[in-house]
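**Student:** Quick one: the structure is below, questions incoming.
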Amino acid sequence: MSLLVEMNEKAQRLGVPLSVHIDVTYRCNERCSHCYLDHDDKGEMTTDEIRNVLDQLAEAGVFFLTFSGGEVFMRRDFLDLVKYARGLLFNVKVKTNGAMIREREAHRLRELGVEQVQISVYSYRPEIHDAITKLPGSLKRTVAAIRFLKSQGLKVTMSNVLMTVNRYDQEGTQALARELGVDYTLDPTVTPKLDGDTSVLALRVNEESLDELFSNPDLVGNVDEYCAPPVAPDEDVMEGVSCSAGHTLCYISPYGDVFPCVQFPLPTGSVRRQKFIDIWRHSPQMQQVRSIRIKDLTVCSSCAHAGSCSRCPGLAYMEGSMLGPSSTDCEKSFHRTGIPTANMLRKGQAAAVGLLVQIQPVA
Amino acid sequence: MKETYVARSSAIAARMLGGEMMIMSAMDSTFFTLNEVATVIWQAADGQTPLAEIVEKKVCPEFEVDSEVARRDAEQFVTELSQHGILLVSDHPIDDPRKGKTVSS
């Protein structure tokens with residue numbers, strides 16, 4: 001077991017929020033087709049309010065702090081916030097589109113000891129990337145930012161969301177990451193907007209694309225291992241939890257609202273009215289999330305994939321119940337292994353994989 | 001005998017978790033946990049107090065260990081952490097934790 005996993009388990013036992021993701025703004029200079037946010041400013045926390053929250057997070061034991069948005073550099077005080085956070089000795093990760101990062105910002109991020117910068121790139125071709133971000137010239141600026149950050153010695157990860165519109169650019173985008181000398185992550189998950197609008201889901205890639213994705217060794221490593229049939233869940237699995245949301249991780253919006261995760265829009269309290277630690281420890285919603293074990297799940301507890309599925313309780317919640325299945329994860333488990341999930345069988349959705357062969361006795 | 005001064009690097013993240021100090025280097029993302037003795041040394045590493053004094057005044061009385069053994073362990077610990085840029089070491093007091101030097105292996 002790695003030391004980090006060990007520390008995460010210890011934090012869970014002790015009820016410590018090891019990781020917090022804070023969006024400092026929802027404003028953005030890009031208008032990405034798949035974005036789930038409303039970019040209007042509805043009363044962001046001030047610099048002092050965020051500093052106060054950071055003080056509370058440090059006191060609560062938070063170690064990993066992710067600053068994200070919106071576009072973080074839309075806030076003029078962003079680097080001051082990073083400086084303050086680093087003064088409190090958080091491990092700081094920044095998610096950005098990079099379009100506002102020049103040499104000065106890259107140098108400052110390095111100087112402040114930011115551990116990692118994650119930058120969204122959707123294609124190696126400007127006509128595709130810029131069409132998704134709706135900001136002309138954005139790919140050029142983003143790539144320039146990656147070069148500035150790399151030249152400062154910062155660890156950079158290029159993050160791509162696979163959609164119908166950039167599906168065929170995946171390999172070229174991964175090659176761009178290699179050329180720039182940065183890590184690359186790919187996620188085929190498109191989530192509904194926070195206001196419940198599901199129209200963006202039309203951007204999700206189709207089943208064939210998922211099959212291709214999961215059988216690409218450049219993305220998943222050992223394909224046989226990655227696509228292996230699920231192992232029957234044992235008692236440990238049934239007593240386990242879906243993910244770290246609400247257990248060692250939570251999310252804070254630019255308005256001070258606290259949620260179990262950025263992808264789990266269940267309000268649990270507001271740091272504008274309550275102490276963070278009180279929300280974390282005593283919010284009934286947070287406690288409810290924390291109480292759920294795999295064995296409690298309405299459909300997934302009887303699923304063959306229970307021990308290996310990436311089931312997101314937030315997506316399940318958006319689908320209707322935090323105890324229910326997350327269909328998008330059911331699809332991933334199915335296309336990864338070829339074994340239908342309990343949810344698919346229940347709905348009669350499992351399509352045959354490949355040709356059905358009927359064995360006939362030799363005449 | 002030359003004194004050794006140690007200072008915490010400004011390029012690290014650190015937090016106590018259940019009595020253990022977690023430390024991560026922003027330089028190479030190395031992740032450490034320190035035991036109680038190492039935590040005391042790390043917390044006292046202000047760049048101004050000689051390592052020998054930290055061992056004598058903070059470690060020995062609190063953990064009831066032999067000063068010679070404690071000094072040897074402390075030097076080993078300091079060398080290891082300085083190789084990852086987590087502690088800075090100098091034979092002079094360190095005013096700015098960015099200006100100390102790391103010990104190469």
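Values in this text are rule-based calculations from the coordinates and carry no lab data. Only a predicted model underlies this, so the values are computations on that prediction, with no experimental measurement involved. Counting neighbours? That spans all protein chains shown, and the Cβs are built from the backbone with ideal geometry, glycine included.
**Student:** With each run of n ≥ 4 DSSP H residues scored as -39500 (n - 2.57), what mean residue ellipticity at 222 nm is computed for chain A after dividing by its residue count and rounding to the nearest 500 deg cm²/dmol? Don't skip to the answer; put the middle values down first.
**Tutor:** Values: 16 runs with 137 residues, N = 363.
Rounded to the nearest 500, the figure is -10500 deg cm²/dmol.
**Student:** Report, in listed order, any pair from B:Lys2/B:Lys58; A:Lys155/A:Lys193; A:Lys10/A:Lys155; A:Lys83/A:Lys193; A:Lys83/B:Lys58; A:Lys95/A:Lys140 with a Cα-Cα distance greater than 22 Å. Don't skip to the end; give the middle numbers.
**Tutor:** Details: B:Lys2/B:Lys58 20 Å; A:Lys155/A:Lys193 30 Å; A:Lys10/A:Lys155 27 Å; A:Lys83/A:Lys193 31 Å; A:Lys83/B:Lys58 31 Å; A:Lys95/A:Lys140 18 Å.
In this structure, A:Lys155/A:Lys193; A:Lys10/A:Lys155; A:Lys83/A:Lys193; A:Lys83/B:Lys58 lie more than 22 Å apart at Cα.
**Student:** Within the range A:152-171, which residues have the backbone N less than 18 Å from the label spot 7 Å out from A:Cys227 along Cα→beta-carbon, could you tell me?
**Tutor:** Answer for the range A:152-171: A:171.
**Student:** Taking 10 °C and 1.306 mPa s as the conditions, I'd like the Stokes-Einstein D for the range A:2-78 in µm²/s, using the Kirkwood hydrodynamic radius from alpha carbon pairs. Let's see the in-between values first.
**Tutor:** On the way: Rh = 14.3 Å.
It diffuses with D of about 111 µm²/s by this estimate.
**Student:** Across peptide A:111-120, how many C-beta atoms of other chains are within 10 Å of each residue C-beta, on average?
**Tutor:** Working: counts 3, 3, 9, 3, 8, 2, 0, 0, 0, 0.
Whole-number average of other-chain Cβ neighbours for A:111-120 is 3.
**Student:** A further question on this structure: Starting from the Cα of A:Glu239, move 7 Å in the Cα-to-Cβ direction to define the label point; list residues of the range A:294-324 whose amide nitrogen is under 17 Å from there.
**Tutor:** A:294-297, A:307
**Student:** Multiply the residue separation of A:Glu103 and A:Arg125 by 0.36 nm, subtract the distance between their alpha-carbon atoms, and state the gained length in nm to one decimal. Kindly include the intermediate steps, with their values, before the conclusion.
**Tutor:** Values: separation 22, 0.36 × 22 = 7.92 nm, distance 2.34 nm.
Extra length from A:Glu103 to A:Arg125 when fully extended: 5.6 nm.
**Student:** While we're on this one: What is the mean number of Cβ atoms from other protein chains located within 10 Å of the Cβ atom of each residue in peptide B:30-36, rounded to a whole number? Don't skip to the answer; put the middle values down first.
**Tutor:** Numbers: counts 1, 6, 1, 5, 0, 0, 0.
If you average over the peptide's residues, the count of other-chain Cβ atoms is 2.
**Student:** Next question. Would you mind listing how long the range A:112-221 runs along its three principal axes, going by Cα atoms, in whole Å with the largest first?
**Tutor:** Result for the range A:112-221: principal-axis Cα extents of 40, 34, 27 Å.
**Student:** Take A:Tyr168, A:Tyr124 and order them by how many other Cβ atoms sit within 10 Å, fewest up front. It would help to have the intermediate numbers written out before the result.
**Tutor:** Values: A:Tyr168 12, A:Tyr124 21.
So the residues, fewest neighbours to most, are A:Tyr168, A:Tyr124.
**Student:** A further question follows. Residues with amide H under 5 Å of B:Met16's amide H, sequence separation 5 or more or different chain, H placed in the peptide plane at 1.01 Å from N; which?
**Tutor:** HN-HN under 5 Å from B:Met16: B:Met22.
**Student:** In what sequence do A:Leu345, A:Leu139, A:Leu219 fall when counting other Cβ within 10 Å, fewest first? Show your work: numbers first, answer last.
**Tutor:** On the way: A:Leu345 15, A:Leu139 24, A:Leu219 18.
By the 10 Å Cβ count, ascending: A:Leu345, A:Leu219, A:Leu139.
**Student:** From the convex hull of the Cα coordinates of the range A:208-343, what is the mean projected area in square nanometres?
**Tutor:** Values: hull surface 36.8 nm².
Mean projected area for the range A:208-343: 9.2 nm², to one decimal.
**Student:** Next question, about the same structure. Where both residues lie in the protein assembly as shown, what percent of DSSP beta bridges are antiparallel, nearest 5? Could you put the intermediate results ahead of the total?
**Tutor:** Working: 22 of 49 bridges.
Of all bridge pairs located within the protein assembly as shown, approximately 45 percent are antiparallel.
**Student:** Shifting gears a bit: Scaled to the compact-protein estimate 2.2 N^0.38 Å, what is the alpha-carbon radius of gyration of the range A:208-252, rounded to two decimal places?
**Tutor:** Normalised Rg, Cα atoms only: 1.63.
**Student:** Enumerate the helices in chain A for which the Kyte-Doolittle hydropathy averages 0.0 or more and the C-alpha atoms extend at least 18 Å along the helix's axis, using complete DSSP H runs. Don't jump to the answer; show the numbers that get you there.
**Tutor:** Details: long enough: A:47-60 (20 Å, -0.45); A:138-151 (20 Å, 0.26).
In chain A, the long hydrophobic H runs are A:138-151.
**Student:** Count, for each residue of B:16-25, the Cβ atoms from other chains sitting within 10 Å of its Cβ, then give me the mean as a whole number.
**Tutor:** For peptide B:16-25, the averaged partner shielding equals 5.
**Student:** Return the Rg/Rh value of the protein assembly as shown, two decimal places, where both radii are evaluated on C-alpha atoms and Rh is the Kirkwood radius. Each step should come with its number before you reach the end.
**Tutor:** Details: Rg = 24.7 Å, Rh = 24.5 Å.
Rounded to two decimals, Rg over Rh is 1.01.
**Student:** For the pair A:Asp197 and A:Ser302, how long in nm is the line joining their label points, each one 7 Å along Cα→Cβ?
**Tutor:** If labels sit at A:Asp197 and A:Ser302, their model points lie 3.8 nm apart.
**Student:** Ok, one more. Fewest Cβ neighbours within 10 Å first, please rank A:His247, A:His21, B:His92 accordingly. List each step's numbers first, then the result.
**Tutor:** Values: A:His247 23, A:His21 20, B:His92 10.
In increasing order of surrounding Cβ atoms, one gets B:His92, A:His21, A:His247.
**Student:** Bin width 10 Å, origin at 0, all Cα-Cα pairs of the range A:272-344: what percent of pairs per bin?
**Tutor:** Histogram of Cα-Cα distances, whole percents per bin: 20, 44, 22, 12, 3.
**Student:** In whole Å, what is the distance between the alpha-carbon centres of the range A:122-148 and the range A:210-258?
**Tutor:** So the separation of the two Cα centres works out to 29 Å.
**Student:** Hey, quick one: spin label on A:Ser151, modelled 7 Å out along Cα-Cβ, who in the range A:166-183 has an amide N within reach, i.e. under 16 Å?
**Tutor:** Of the residues in the range A:166-183, A:180-181 have backbone N under 16 Å from the label point off A:Ser151.
**Student:** Quickly rank A:90-101, A:52-63 as a protection proxy: mean count of other C-beta atoms within 10 Å, highest first. Walk me through the numbers on the way to the answer.
**Tutor:** On the way: A:90-101: 23.7, A:52-63: 19.2.
Output ranking for A:90-101, A:52-63: A:90-101, A:52-63.
**Student:** A follow-up question, please. Spin-label point model (7 Å from Cα, Cβ direction): what's the B:Ser90 to A:Arg281 distance in nm?
**Tutor:** Taking the simple label geometry, B:Ser90 and A:Arg281 are separated by 4.1 nm.
**Student:** Still on this model: Can you list residues from other chains, or at least 5 along the same chain, whose modelled amide H is less than 5 Å from the amide H of A:Thr157?
**Tutor:** Residues meeting the amide H criterion: A:Val117, A:Gln118, A:Ile119.
**Student:** Tell me, what ³J(HN,Hα) does each residue in the range B:42-47 have, in order and in whole Hz, if you take phi through Karplus 6.51 cos²θ - 1.76 cosθ + 1.60 with θ = phi - 60° and put x for Gly and Pro?
**Tutor:** 4, 5, 8, 6, 9, x
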